[in-house]
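The values are calculated or read from the model by the stated rules, or taken from the named source; none is laboratory data. Model, not experiment: these values are computed from the prediction. When we count neighbours, we look across all protein chains shown, and the Cβ atoms used for this are built from the backbone with ideal geometry, even at glycine. Heavy atoms of the whole protein, side chains included, go into the accessibility calculation; ligands, DNA and RNA do not. Shrake-Rupley method; radii C 1.70, N 1.55, O 1.52, S 1.80 Å.
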Amino acid sequence: MTARKSPKKRWPLPRLVGVIRSRGDLDFAIRMRKPPGLFELRLDHLVLIIDELENKLPRLRAPLIVTARHPREGGANRLSIQQRRDLLLRYLPRAQYVDVELRSAADFRSLLEMARRKNVRRIVSFHNLKSTPDSRSLRVRARTAKSFGADIFKVATRTDTPVQLAQLLDFTTNKDVDLAVSVMGIGKLGAISRVLLAYCGSALIYVSLGESDIEGQLSLEQLRAFGIG
């Protein structure tokens, strides 16, 4: 009598997030006939056109993630904690999600609590543009993110080698905390990481709307060609 094979685990496909970092991205997003599941407003970039953004925002046809990235995790314009807090508070009423880095979560604890009260979901994120920590370290960070009330823990790290990609894959498929994760690579293997992790449980995958200076970030059309989104 032969043993029955257990069925392969299937994860739901992720929502695609179109990143808006410039006036060009914003105008392109407004014109889209088939927008992604979400748009992310990178307020640290958009702060230079904030009044224009305010006027055009009602024309976007997808829910919003708002974030104002920490300078040490790729944030633009060297914004202070207070400047970033003010931007997030201004756009929180428009948001479905707010994204705060794990390193900033303690400083933004009251903002995260306000988001909870307003039914805005919370993404706590970790970006490492130079390397990928081992999967055990990522699991520790995920548990810390959950302690701050995260609904999703986002990880974006350097993936130039197969070993780095394997660390992200192991974390995504073997996390030990009841928390959705959004995981993607940056670098030489960034593109393949986004396709692979989309099929392995990543809840959100971020895509460019125009030309991207992030190595490995695919466009919306490229990911849709893989049957994602």
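Conditions first: (1) open to solvent by less than 50 Å² (accessible area, probe 1.4 Å); (2) under 14 Å from the mean Cα position of the chain (by Cα). Arg121 passes all but one, so which condition is the exception?
(1)
State all residues of segment 144-178 that are modelled with pLDDT of 95 or more, not in a helix (DSSP H, G or I) and not acidic (Asp, Glu); if no residue qualifies, say none.
Across segment 144-178, the qualifying residues are Phe148, Gly149, Ala150, Ile152, Phe153, Lys154, Val155, Ala156, Thr157, Arg158, Thr159, Thr161.
Determine whether segment 23-35 contains at least one residue that is within 16 Å of the chain's Cα centre (by Cα) and in contact (Cβ under 8 Å) with a residue 40 or more places away in the chain. Even if it seems obvious, please write down each step before you answer.
To start, the set of residues in segment 23-35 that are within 16 Å of the chain's Cα centre (by Cα) comprises none.
Within segment 23-35, not a single residue is within 16 Å of the chain's Cα centre (by Cα) and in contact (Cβ under 8 Å) with a residue 40 or more places away in the chain.
Tell me which of these Ser80 doesn't satisfy, since it passes every other one: (1) touching a strand residue (DSSP E or B) at 6+ places or on another chain (Cβ under 8 Å); (2) among the small types (Gly, Ala, Ser); (3) more than 27 Å from Leu165 (Cβ to Cβ).
It is condition (1) that Ser80 fails.
What are the residues in segment 41-55 that are open to solvent by 40 Å² or more (accessible area, probe 1.4 Å) and either in contact with a helix residue (DSSP H, G or I) (Cβ under 8 Å, 6 or more places away or on another chain) or not in a helix (DSSP H, G or I) (or both), if any?
Our first condition is that a residue be open to solvent by 40 Å² or more (accessible area, probe 1.4 Å); within segment 41-55, this holds for 45, 47-48, 51-52, 54-55.
If the condition is that a residue be open to solvent by 40 Å² or more (accessible area, probe 1.4 Å) and either in contact with a helix residue (DSSP H, G or I) (Cβ under 8 Å, 6 or more places away or on another chain) or not in a helix (DSSP H, G or I) (or both), then Val47, Glu52 are the ones that fit.
Do we have Gln96 as surrounded by fewer than 16 Cβ atoms within 10 Å (Cβ to Cβ), over 24 Å from Thr172 (Cα atoms) and among the polar types (S, T, N, Q) here? Even if it seems obvious, please write down each step before you answer.
On the way: surrounded by fewer than 16 Cβ atoms within 10 Å (Cβ to Cβ): yes; over 24 Å from Thr172 (Cα atoms): no; among the polar types (S, T, N, Q): yes.
When the stated conditions are applied, Gln96 does not pass them.
Any residue that is part of a loop (DSSP other than H, G, I, E, B) and either open to solvent by 10 Å² or more (accessible area, probe 1.4 Å) or within 16 Å of Ala156 (Cβ to Cβ) (or both) - is there at least one of those in segment 109-116?
no
Given the residues Arg141, Arg59, Arg103, Arg84, which is the only one that is open to solvent by 40 Å² or more (accessible area, probe 1.4 Å), at pLDDT 95 or above and under 16 Å from Asp44 (Cβ atoms)?
Values: Arg141 fails: under 16 Å from Asp44 (Cβ atoms); Arg59 fails: under 16 Å from Asp44 (Cβ atoms); Arg84 fails: open to solvent by 40 Å² or more (accessible area, probe 1.4 Å).
Unique residue meeting the criteria: Arg103.
Would you check which residues across segment 183-229 are among the aliphatic types (A, V, I, L, M), open to solvent by 10 Å² or more (accessible area, probe 1.4 Å), modelled with pLDDT under 90 and not in a loop (DSSP other than H, G, I, E, B) and list them?
Ala225, the sole residue that qualifies.
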